[in-house]
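A.B. asks: Handing you a structure now.
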Amino acid sequence: MKLAALEPGGAPDRPIEVASASIIEPHASSMPCAACGAQGLRVEEHVALTLPEQGSEPARRLRAVHVTCQRCGTRREVFFRIGTVLPS
Ligand SMILES: [Zn+2]
């Protein structure tokens with residue numbers, strides 16, 4: 001489980017970038033379980049987070065999805081960032 005934190009999405013500073021919020025939950029539920037490798041995670045919770053700015057890094061808006069493996073019951077948190085395609 002420690003290694004899972006090094007994978008994309010495993011920590012707030014390594015979010016998975018997605019184009020839109022609507023694909024976050026399908027993406028999270030299609031990831032393999034970090035403990036047993038089974039496919040088919042159940043999305044338990046989907047929360048919006050805002051990380052405070054740090055130095056020159058602006059504040060970041062993230063989504064954290066809590067998933068549970070339907071085979072072994074291991075819970076995991078996956079972090080996403082929604083890519084901005086809006087003109088500035
Ligand atoms: Zn599992």
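A.B. asks: Return yes when P26 is free of Cβ contacts under 8 Å to residues at least 12 places away in the same chain, assigned to a helix (DSSP H, G or I) and either of a type in the set (D, E) or open to solvent by 60 Å² or more (accessible area, probe 1.4 Å) (or both) and no when it is not. First the steps, then the outcome.
C.D. replies: Working: free of Cβ contacts under 8 Å to residues at least 12 places away in the same chain: yes; assigned to a helix (DSSP H, G or I): yes; either of a type in the set (D, E) or open to solvent by 60 Å² or more (accessible area, probe 1.4 Å) (or both): yes.
Here the answer is yes, as P26 does meet what is asked.
A.B. asks: Restricting the search to segment 60-73, which residues are assigned to a loop (DSSP other than H, G, I, E, B) and either under 17 Å from A11 (Cβ atoms) or open to solvent by 60 Å² or more (accessible area, probe 1.4 Å) (or both)? Write out each step before concluding.
C.D. replies: Restricting attention to segment 60-73, the residues satisfying the condition of being assigned to a loop (DSSP other than H, G, I, E, B) are 70-73.
Correct list: Q70, R71, C72.
A.B. asks: Anything in segment 1-36 that is among the acidic types (D, E) and either modelled with pLDDT under 90 or farther than 12 Å from R81 by Cβ (or both)? List them, or say none.
C.D. replies: Taking segment 1-36 and keeping what is among the acidic types (D, E), we get 7, 13, 17, 25.
Of everything in segment 1-36, those that are among the acidic types (D, E) and either modelled with pLDDT under 90 or farther than 12 Å from R81 by Cβ (or both) turn out to be E7, D13, E25.
A.B. asks: Identify the single condition in (1) open to solvent by less than 80 Å² (accessible area, probe 1.4 Å); (2) modelled with pLDDT of 90 or more; (3) of a type outside the set (F, W, Y) that E45 does not satisfy, given that it satisfies every other one.
C.D. replies: (1)
A.B. asks: Count, please, the residues in segment 60-72 that happen to be more than 13 Å from the chain's Cα centre (by Cα) and away from the ligand (no atom under 16 Å from the Cβ).
C.D. replies: Total meeting the criteria: 1.
A.B. asks: Being within 16 Å of the ligand (Cβ to nearest atom) and either part of a loop (DSSP other than H, G, I, E, B) or open to solvent by less than 40 Å² (accessible area, probe 1.4 Å) (or both) is the filter here, so list the residues in segment 74-84 that pass it.
C.D. replies: At the first step, the residues of segment 74-84 found to be within 16 Å of the ligand (Cβ to nearest atom) are 74-78.
Matches in segment 74-84: T74, R76, V78.
A.B. asks: In segment 29-59, how many are more than 12 Å from the chain's Cα centre (by Cα), farther than 12 Å from V78 by Cβ and outside any loop (DSSP other than H, G, I, E, B)?
C.D. replies: Count: 5.
The values are calculated or read from the model by the stated rules, or taken from the named source; none is laboratory data. Note that the structure is a prediction, hence the values are computed from the model and not measured. When we count neighbours, we look across all protein chains shown, and the Cβ atoms used for this are built from the backbone with ideal geometry, even at glycine. Note: areas computed on protein heavy atoms with side chains; ligands, DNA, RNA excluded. Shrake-Rupley method; radii C 1.70, N 1.55, O 1.52, S 1.80 Å.
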